[in-house]
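Everything on this sheet refers to the single structure shown next.
The values are calculated or read from the model by the stated rules, or taken from the named source; none is laboratory data. Please read these numbers as outputs of a predicted model, since none were measured by experiment. We place every Cβ from the backbone using ideal geometry, glycine too, and count neighbours over all the protein chains shown. To get the accessible areas, we keep the full protein, side chains included, count just its heavy atoms, and leave off ligands, DNA and RNA. Shrake-Rupley method; radii C 1.70, N 1.55, O 1.52, S 1.80 Å.
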Amino acid sequence: MGKKWVIKKHDYDAVSSLAACLDVSPLVAALLIARGYKDEEAARRFINPCLDDLNDPFLLKGIEPAVARIRSAVANNEKILIWGDYDVDGTTGTVLLRKALTCLGAATGFHIPNRFTEGYGPNKEFLEKAKNDGYRLVITVDCGTRSFEPLAWAMENGLDVIVTDHHLSDPENGLPRAVAVVNPNQEGCGYPDKQLAGVGVALKLAQALLGDGVSPVLMNEFLEIASIGTVADVMKLTGENRSIVSLGIRELVRTRNFGLRALMEVSDCSSEMTSLHIGFRIAPRINAAGRMDVARHVVELLEATEPTAARRFAGVLDSRNRERQKMQQDITERAMLEAMQSDDNRFVVVGGDGWHRGVIGLAASKIAERMNRPAIVLSIENGVAHGSARTVGDFHILDALAGCGELFLQYGGHAAAAGLKIESGRIDELRRRLNETARRILGEAELERVVEVDAVVSSSTLCLEMLDQLACLEPFGVGNTKPVFVTRGLTLRRDPLVMKERHLKFDVSDATGKRFEAVWWDGVERSKEQTFDPGCGIEVAYTAEANSWQGQKRLQLVIEDIRIEI
């Protein structure tokens, strides 16, 4: 089925006024206003992020006792263990915090748990090993907010714990026992920006610890790492996150970090960097490490002290990513087939025996995107299912899970994504109750497949110069999506070219003969109900990007949807 196109309306007087004040094109001014930056001062701050935009770290609840305990540990030569999550957010946060503690002279180690044998968050077994190895303080990164039993054991057995996290707390049980919990989303925290990633919280702790000791060079190194984790964790790129990512990306192209440089080289993005490069090239290779069980290699890569080792670790991550891609395609196709055949009409819950747990989250994302339904994909083994949940629109996935929390062995996450563990015999009950919840919240209007169009753009406007003008709106991501345009009056010059059996490439032109290249990712599947004959008139909803090939740069339209003009 085609999507509904919702085209935003613009106040052209306001657009003209703002464009003149900022000396930007009317298109950029219209996009700024549509994103809520209507006055000159707000718009200037948005397009010119700076370090002064970062909030005072001491506004975070719990950060003062955390800083005091860490400084005490450093003064007394206590060993500090950093316990990071196995995803990009957790591993980058681990590297950032280790770098900050090293600057203080601390003796640190780190642990990234095995996704398959240990699962998410701290566990008693390794905490006990850490205690026996002489550690007296553990700092979590991107985890720990719901780790009640392991942290209680630690505190009772002389192992202090500081939790740094951004996930939502358990509304019934509150917070775990710890020296301090540093989490902008905990109850009673007045921190002005609740959207920090786990690595963002680690950055704030580093700022609080080092104070004036954060040199410009060191801060840039922190921001490089924090930008990757923030984008990869799909956090909103507004407020403080926008500043972190914008400033970090500027530094990435000239990074001195051997590991980052090697990773950028294998990802083919060493000459330029945007949030999309991070999201689609850098982050998947880092995430593949945790998904395929070599997450500690990420820390070793980013801490590499010479190029040879960095290239070796980058090669490992690149290889694991290729393995992940093959496995992801297989599991996603199987999950999608089951989802299309299921009776779930509001919330999709599918699973299979032995499905690789490292890719079920990616499969859930694909189902949610394709079907415009919240989705859970489960991997079932020995009577227990591990699942990943993804949402659509404003549907709060963690609240939905909390509504049937007694069914789970374990669950946690945030509004957009969550993880869970459940006995396989309870899956049918989970499916029934989640669909009941979704039917109360999601009406037909919410489930309608919609393309939000930022502006109608004439074909004469389309050029590389337009992309240069739009660059001031970077970084794009959640909360600041890449603008979607519509151009009408185009003609298909020849049959679409099928690429890799999945994607479509179009050669189109306007009434003057001006030609454009357009690609439709997964277009074979998405265009099943449409027939494209050479010479037919079309209108296209798309995002615009530069496609570089053999030293040539040209405009490329990335299709969101197509309509055949009658």
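For segment 1-51, the helices (runs of 4 or more DSSP H) that sit wholly inside it and include 2 or more residues that are in contact (Cβ under 8 Å) with a residue 12 or more places away in the chain and of a type in the set (Gly, Ala, Ser) are 12-22, 26-34.
Summed over segment 329-340, residues that are open to solvent by 40 Å² or more (accessible area, probe 1.4 Å) and not charged (D, E, K, R) total 3.
For segment 341-448, the helices (runs of 4 or more DSSP H) that sit wholly inside it and include 3 or more residues that are open to solvent by less than 40 Å² (accessible area, probe 1.4 Å) are 360-371, 397-402, 427-441.
Within segment 75-85, being at negative phi and open to solvent by 30 Å² or more (accessible area, probe 1.4 Å) holds for Ala75, Asn76, Glu78, Lys79. So, Asn220, is that one in contact with an Asp or Glu (Cβ under 8 Å, 6 or more places away or on another chain), among the polar types (S, T, N, Q), under 22 Å from Gly84 (Cα atoms) and open to solvent by 10 Å² or more (accessible area, probe 1.4 Å) or not? Against the criterion (in contact with an Asp or Glu (Cβ under 8 Å, 6 or more places away or on another chain), among the polar types (S, T, N, Q), under 22 Å from Gly84 (Cα atoms) and open to solvent by 10 Å² or more (accessible area, probe 1.4 Å)), Asn220 qualifies.
Residue-wise test of (1) touching a Leu at 6+ places or on another chain (Cβ under 9 Å); (2) modelled with pLDDT of 90 or more.
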| position | (1), (2) |
| --- | --- |
| Ser271 | no, no |
| Gly279 | no, yes |
| Arg296 | no, yes |
| Thr305 | no, yes |
| Arg320 | no, yes |
| Gln325 | no, yes |
| Leu337 | no, yes |
| Arg346 | yes, yes |
| Gly354 | no, yes |
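Which of the residues spanning segment 181-199 are buried (at least 24 other Cβ atoms within 10 Å of the Cβ) and in contact (Cβ under 8 Å) with a residue 60 or more places away in the chain? Within segment 181-199, Val181, Val182, Asn183, Ala197, Gly198, Val199 qualify. Candidates are the residues of segment 90-121 that are assigned to a strand (DSSP E or B) and not aromatic (Phe, Trp, Tyr); the one that is nearest to Cys143 (Cα to Cα) is His111. Give the residues of segment 122-158 that are touching a helix residue (DSSP H, G or I) at 6+ places or on another chain (Cβ under 7 Å) and either aliphatic (A, V, I, L, M) or closer than 21 Å to Ala295 by Cα (or both), sorted by residue number. Within segment 122-158, Pro122, Asn123, Lys124, Leu127, Leu137, Val138, Ile139, Val141, Asp142, Cys143, Gly144, Ala154 meet the criteria.
With respect to the stated conditions, Lys482 fails to be of a type in the set (Lys, Arg), within 30 Å of Ser25 (Cα to Cα) and open to solvent by 60 Å² or more (accessible area, probe 1.4 Å). Of the residues examined, Ala68 is not one that is among the small types (Gly, Ala, Ser), at pLDDT 95 or above and either within 25 Å of the chain's Cα centre (by Cα) or open to solvent by less than 10 Å² (accessible area, probe 1.4 Å) (or both).
Against the test of being open to solvent by less than 20 Å² (accessible area, probe 1.4 Å), touching a residue at least 24 places away in the same chain (Cβ under 8 Å) and more than 17 Å from Val231 (Cα to Cα), the options Ala295, Ala283 yield a single qualifying residue, Ala295. Of the strands (runs of 3 or more DSSP E) lying entirely inside segment 449-566, those carrying at least 3 residues that are touching a helix residue (DSSP H, G or I) at 6+ places or on another chain (Cβ under 9 Å) and free of Cβ contacts under 8 Å to residues at least 24 places away in the same chain are 503-509.
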